[in-house]
Amino acid sequence: MDLDQAMQDRRSIRGFTGDPVPRAVLEEVIALANRAPSSMNTQPWHFHVLTGEPLERVRQGNSERMLAGVPVQREIMDHGEYEGVHRTRQIEIAVQLFEAMGIERHDKAKRQDWVMRGFRQFDAPVSVVVCFDKSLEDRSTIAHFDLGAATYGLVLAAWSRGLGAVINGQGIMQSPVVREVAQIPDDQVILTCVALGWPDEGFSANAVKSRRRPVENTARFIGFDDTAESLKAGE
């Protein structure tokens, strides 16, 4: 699979088979993710790869605490409520997913089940907990940028090997549980996690691809020959 194909075809996978993922494949994926660029070559990322019984303990602890009403305990600032166009896009993908899964707006039980799947990291056989060095916490905007690059590299590398993944902040909403089970060192900050495994082709939501804005709505080109006249005119 070439890079263009991987980037065009990749989508978030939220339904997985029960088949285990070989450690050797995961090591290949992480080796490629490690090639991501970072500020001043700091490479501030750490990947804690969980499967089996430890991952089940994280799922259970995360779910139980959320159901019990324990306040969200993430180690980074939460994004809060989205507004404007960002809220519109959030609703749009939710509608796409609910339509694919046959979840009606008034069906509270199915909607709740969908939320709980997120807390369980979509029952994936592998969870990659993504952390950065705490010594960079005061510069976390840059560290977050670096980890974003590495995490995108990870999901692309996984996709190229037939694996599916979804970057899933719900999976670490109760970060103390994750930290304890995975024995994450105190000098690291938990940023997010990636649910990863072999896609279940029969899971309807896996066919959903979120819509993307066209280039003309995301980029401006300044100084190119075909824009010179419009720039002169102040357009």
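So which of D19, D4, D78 ends up being out of contact with any Phe, Trp or Tyr (no Cβ under 6 Å at 6 or more places or on another chain) and assigned to a loop (DSSP other than H, G, I, E, B)?
Result: D78 is the single residue among D19, D4, D78 that is out of contact with any Phe, Trp or Tyr (no Cβ under 6 Å at 6 or more places or on another chain) and assigned to a loop (DSSP other than H, G, I, E, B).
Which one of N41, N62 is surrounded by 15 or more Cβ atoms within 10 Å (Cβ to Cβ) and either modelled with pLDDT of 95 or more or under 18 Å from C131 (Cα atoms) (or both)?
Sole residue among the options that is surrounded by 15 or more Cβ atoms within 10 Å (Cβ to Cβ) and either modelled with pLDDT of 95 or more or under 18 Å from C131 (Cα atoms) (or both): N62.
For P71, which of the numbered conditions (1) exposed (fewer than 11 other Cβ atoms within 10 Å of the Cβ); (2) more than 30 Å from S135 (Cβ to Cβ) fails to hold?
Tallying (1) exposed (fewer than 11 other Cβ atoms within 10 Å of the Cβ); (2) more than 30 Å from S135 (Cβ to Cβ), P71 fails exactly one: (2).
Of all the residues that make up segment 164-177, how many are aliphatic (A, V, I, L, M) and assigned to a loop (DSSP other than H, G, I, E, B)? Steps first, please.
Step one: list which residues in segment 164-177 are aliphatic (A, V, I, L, M), which gives 165-167, 172-173, 177.
Checking the rest, the ones that are also assigned to a loop (DSSP other than H, G, I, E, B) come to 173.
Residues flagged as aliphatic (A, V, I, L, M) and assigned to a loop (DSSP other than H, G, I, E, B) within segment 164-177 amount to 1.
Given the options L97, L32, L55, name the one that is within 24 Å of R11 (Cα to Cα) and in contact with a strand residue (DSSP E or B) (Cβ under 7 Å, 6 or more places away or on another chain).
It is L55.
For (1) surrounded by fewer than 16 Cβ atoms within 10 Å (Cβ to Cβ); (2) modelled with pLDDT under 95; (3) not in a helix (DSSP H, G or I), each residue gets a yes or a no:
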position: V130; (1), (2), (3): no, no, yes
position: A150; (1), (2), (3): no, no, no
position: W159; (1), (2), (3): no, no, no
position: G162; (1), (2), (3): yes, no, yes
position: R179; (1), (2), (3): no, no, no
position: I184; (1), (2), (3): no, no, yes
position: I190; (1), (2), (3): no, no, yes
position: L196; (1), (2), (3): no, no, yes
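Could you give every pair whose Cβ atoms fall below 6 Å, whose first residue belongs to segment 92-110 and is under 13 Å from K209 (Cβ atoms), and whose second residue is not in a loop (DSSP other than H, G, I, E, B), counting only separations of at least 6 or pairs across chains?
L97/A205; A100/S204; A100/A205
The values are calculated or read from the model by the stated rules, or taken from the named source; none is laboratory data. The structure presented is a predicted model; accordingly, all values stated were derived computationally and were not measured. Glycine also receives a Cβ, built like all others from the backbone with ideal geometry; neighbour counts cover every protein chain displayed.
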